[in-house]
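Below: the structure, in structure tokens.
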Amino acid sequence: MKLTIFKRLMAGFFLILLVVVALSTYSVLKFSELNQAIRSISEVDSETLRYADRLRDGIYTLRKFERKYVISEDKDFLDQFNETGKSFLRDLDQLKGLLSAAGNYERAALLRDACKKYSMKVEEEAEHVINKTGYDKRGFEEQKQALVDEVIGHLDVLREATEKAINNRIRMSGEVGQEALRVIMIMSVSSLVMAVLIAFFISRTIHRPVRLLIKGIKEIARGRFEKHIEISSPPEINELAGAFNNMCDRLKEVDELKADFIAGVSHEFRTPLAVIREAIGLYVESLEKRPAEKQQKLLTIIEEECERLITSVNRVLNLSRMDAGIAEYHMEKYSITHLVAIALSKVQPIAQRKNITLEYNPGHIVSNAFIDPEKMGLVLDNLLGNALKFTPEKGRVSVRVIERDAVLSDAGGKEKKRIIEVSISDTGPGIPEKHIHEIFDKYRKLHEKGTGLGLYISRQIINAHGGEIWVESNGKTGSTFFFTVPLSL
């Protein structure tokens, strides 16, 4: 019986879930016990630290009030001292209880005794102040300060001992937890191994068929439809593989039909259109001897339209050849600047009609590039045509050519080469950022105008020359198209 992917996944997930639940239950129980023990121990120590801090603050407050009373002899300060002293004694009793519960009777007694001596010394001085009797103020002050320092010292020692006790108890709790952790680690490793084995078994039965499908899809992306995929299990992927093979066969048929159709249509269109163009050209020349302006204008328009049709057919034919990998390139040493000048001369009438300024900066180019002039001219025609098409009246199109060094990648790694870079900038509406990486795709159009093939063909030509083509735009105003070609292949 061949299990489906769903049943295999459910069985594997159920086994892994059982292991996880068992491990989680044991972990929760053990760590709950450990946490409860730590919390019960820490509650006494944390309360001890809290009351020690409150007593420390309290003794400083008492010291402040009794000093003010001695200096000002204002009874209100004495009342505040007594009121604060009551709160201080309550905290002291609470701390004594905590220390006694922890078995630290000696420290509690020493602290209580120091506080009592300080209180008595303050009461003694207060009697002198009330009765207006002379006494050694400096001596009393030194004695009170010594008693306060003693109280603070006991509190500091108590705090240090408490913090040390907390650390010791946490360390002891950690040692206790180590044993539980060791057991949990053993269970975790065992569970992990089991889960990996289960996952490996399930993924192994799914991964290979999926990889075969991915490989087949990549072959289709490269335009190869011949290879069939044979998969027997799981049932769903087996069915998918059958549908995939049928799709490949159909795509192959469609691709062959498309190639035949484009080749046939191109041949049927190009030959008669070329004949019409030549005939009209001869007719226009004959009319120059006997001017007939209206007829000549009409025939000129017909000639231009025929030229457009031939250009469109040639573009489709070039696309078909490039996709089939049979496009021919006649490479030679040629001046890029001269090629740009020719392309600009072609579009000069369009620029004048739209009142667009053409700017050309040929730079200092001393070398010729190894290119196919005809196809590179097609790239320039496409880019300049697009720039003029989307630039509004009284706009500007700028062409710049520079020669520079660049690091290029090839089969042997990275290599530094000398390249020529051409940039064509316009003042049109710009290209939205989300479309920047799409405009070189086949049939991709951002506007209704055009066929969506010009930039795709341009990229194919530039790539065939070993160069790069890209565009930069802020998405609001203007775009700049760049392409590069190496000086040598």
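So for the pair His128, Leu240, with labels modelled 7 Å out along Cα→Cβ, what separation do we get in nm?
My value for the distance between the label points is 9.7 nm.
Sorted by average packing, counted as other Cβ atoms within 10 angstrom per residue and highest first, what order do 468-481, 371-384, 206-219 take?
Highest to lowest by the protection proxy: 371-384, 468-481, 206-219.
Going by average Cβ neighbours within 10 Å, how do the peptides 126-135, 400-409, 237-246 rank, with the highest at the top?
Taking the mean over residues of other Cβ atoms within 10 Å, the ranking is 237-246, 400-409, 126-135.
Given that compact globular proteins tend to follow 2.2 N^0.38 Å, what is the ratio of the alpha-carbon Rg of the stretch 164-229 to that value?
Its radius of gyration relative to the 2.2 N^0.38 Å reference: 2.35.
Relative contact order for the stretch 332-486 using alpha-carbon pairs under 8 Å, separation at least 6, rounded to a whole percent?
Rounded, it is 22 percent for the stretch 332-486.
When all C-alpha to C-alpha distances in the stretch 5-197 are sorted into bins of 10 Å, what percent of pairs does each bin hold, rounded to whole numbers?
8, 25, 19, 14, 11, 9, 7, 5, 2, 1, 0
Going down the list Lys68/Lys116; Lys75/Lys117; Lys215/Lys417; Lys86/Lys137, which pairs span over 27 Å between their C-alpha atoms?
In this structure, Lys215/Lys417 exceed 27 Å between Cα atoms.
Could you work out how far the C-alpha centroid of the stretch 125-151 sits from that of the stretch 44-59, in angstrom?
Centre-to-centre (Cα) distance: 26 Å.
Rule-based calculations on the coordinates, nothing more; no lab input. All values reported here derive from a predicted model rather than from experimental measurement. Counting neighbours? That spans all protein chains shown, and the Cβs are built from the backbone with ideal geometry, glycine included.
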